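Accompanying notes for the structure given below.
The values are calculated or read from the model by the stated rules, or taken from the named source; none is laboratory data. Predicted, not measured: the structure shown is a model, and the values here were computed from it. Counting neighbours? That spans all protein chains shown, and the Cβs are built from the backbone with ideal geometry, glycine included.
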Amino acid sequence: MVLKNLIRIRRSAARAEAEHPALAAAGLLPGLEALPNAILVLARERLAIAFANPAAEAMLGMSLRQLCQLGWTDLFPNADAPAGAIAALREEASGTTQLDAVLELPQREPLRVHAIIGSLDAAPGYVLLELVENEQKLRTDREERILDLSAVNKQLIRNLAHEIKNPLGGIRGAAQLLELELGANGGLREYTQVIIKESDRLQTLVDRLLEPHRHPHIARDLNIHEVCERVRAVMLAEFPRGLTIHRDFDVSVPDLRGDMEQLIQAVLNIARNAAQALRQPIAEGTACIEFRTRVARRVTIAKRPCKLALDLRIIDNGPGIPEEIRDRIFFPLVSGREDGSGLGLTLAQNFVQQHEGMIECESRPGHTEFRILLPLQC
């Protein structure tokens, strides 16, 4: 197998050298084909692909023969920034530039890459492009930011909640005493009732903020599909018409150690948020939520490498999360609905983090996907 691959590599390099004598004269291709990162060599004039090393073929899912039939803009029609940077290099004899880009591959998932673009001194008619997948780096940076902010938010919430509770109890008690003093004066008692009811509403809000810290974490062996089935039953009872809930379960997912009630609440909060965002599709009978389970291998969760993890996805076909709050949806009191409390996703993230896990979210119009990662074996 190794010999076969080496023969294929040499044939690819030989073909590129035969069709592009300037590259052959520069003697660059034998070194480029051995590099672990994806390398493309483009002709300056038309940005046609002259050479791709095996790493590039694997990343892009195409052979050199297929790639050489395409131009850069044919392969990545939405990669305006890299194409612009390459075009700018046409005017220079040398130079490099770096940028991050999301490349739209034909019939494939978008590819997030860090692109290093440079001129080739030994072959002035060509541009070298190095592509490094940075999905893992972006996800790690996002996780670290969520963890740091979550730790700060937890401490702030606990301190703020305790500071609110004490005077709130005094306000409610004073309103009750005032109501007793008013006696039969019904007109004034209406105002004391407003004070008491609003105090109770704020007390409920504070209790929800403190919920993750009040009850002990009760861990036992559980099956995540039982959690999903419980949530599904609740959701179908709340939305009996217009909502379809699909299940795409991997039955090979092993049991995990966790708190059943906390995980049910976390998944329910996400699913309920999805259903509330699907009000119009529910009315039209086209709303869909999907529960999907898989086993993830060799992932990093909350800065901790894990050999095996549970990958639970909750997917809906709603309008998507508004862009202005997309990066803040796990913050307390942030909601995309006028009648939302902004606590459901905060509590879900807290419950999952108590299981040493993490919730991530990707959203666009027509597709919102929450991903819960829970460690199984680290």
Those residues of the stretch 282-299 which are farther than 19 Å from Arg247 by Cα and surrounded by 16 or more Cβ atoms within 10 Å (Cβ to Cβ), in sequence order:
Val299
Name the residues in the stretch 249-304 that are part of a loop (DSSP other than H, G, I, E, B) and touching a Ser or Thr at 6+ places or on another chain (Cβ under 6 Å), would you?
Phe249, Asp250, Val253
Name the residues in the stretch 300-318 that are surrounded by fewer than 19 Cβ atoms within 10 Å (Cβ to Cβ) and small (Gly, Ala, Ser), would you?
Ala302
Looking at the stretch 297-325, which of its residues are over 13 Å from Cys378 (Cα atoms), touching a residue at least 24 places away in the same chain (Cβ under 8 Å) and out of contact with any strand residue (DSSP E or B) (no Cβ under 8 Å at 6 or more places or on another chain)?
Pro319
Considering only residues that are in contact with a strand residue (DSSP E or B) (Cβ under 9 Å, 6 or more places away or on another chain) and not in a strand (DSSP E or B), which ones fall in the stretch 238-248?
Phe239, Gly242
Are there any pairs with C-beta distances below 8 angstrom linking a residue in the stretch 233-258 that is in contact (Cβ under 8 Å) with a residue 12 or more places away in the chain to a residue that is assigned to a loop (DSSP other than H, G, I, E, B) and among the hydrophobic types (A, V, I, L, M, F, W, C), with the two at least 6 apart or on different chains, and if so which?
Leu243/Leu278; Arg257/Ala219; Gly258/Ala219
Picked from the stretch 197-234 (must be β-branched (Val, Ile, Thr) and at pLDDT 80 or above), the residue surrounded by the fewest Cβ atoms within 10 Å (Cβ to Cβ) is Val234
Take Ile321 and tell me if it is surrounded by 14 or more Cβ atoms within 10 Å (Cβ to Cβ), part of a loop (DSSP other than H, G, I, E, B) and touching a Gly at 6+ places or on another chain (Cβ under 7 Å).
yes
If you check Arg371, Arg294, which single one turns out to be touching a strand residue (DSSP E or B) at 6+ places or on another chain (Cβ under 8 Å), at pLDDT 90 or above and farther than 30 Å from Asp207 by Cβ?
Arg294
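Each row is one residue, and each column tells you yes or no for (1) in the same structural domain as Ala287 (by TED's automatic domain parsing); (2) within 18 Å of the chain's Cα centre (by Cα); (3) modelled with pLDDT of 85 or more.
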| residue | (1), (2), (3) |
| --- | --- |
| Ala309 | yes, yes, yes |
| Gly318 | yes, yes, yes |
| Glu323 | yes, yes, no |
| Ser341 | yes, no, no |
| Thr346 | yes, yes, no |
Which of (1) modelled with pLDDT of 70 or more; (2) surrounded by fewer than 16 Cβ atoms within 10 Å (Cβ to Cβ) is the odd one out, the single condition Thr192 does not satisfy?
(2)
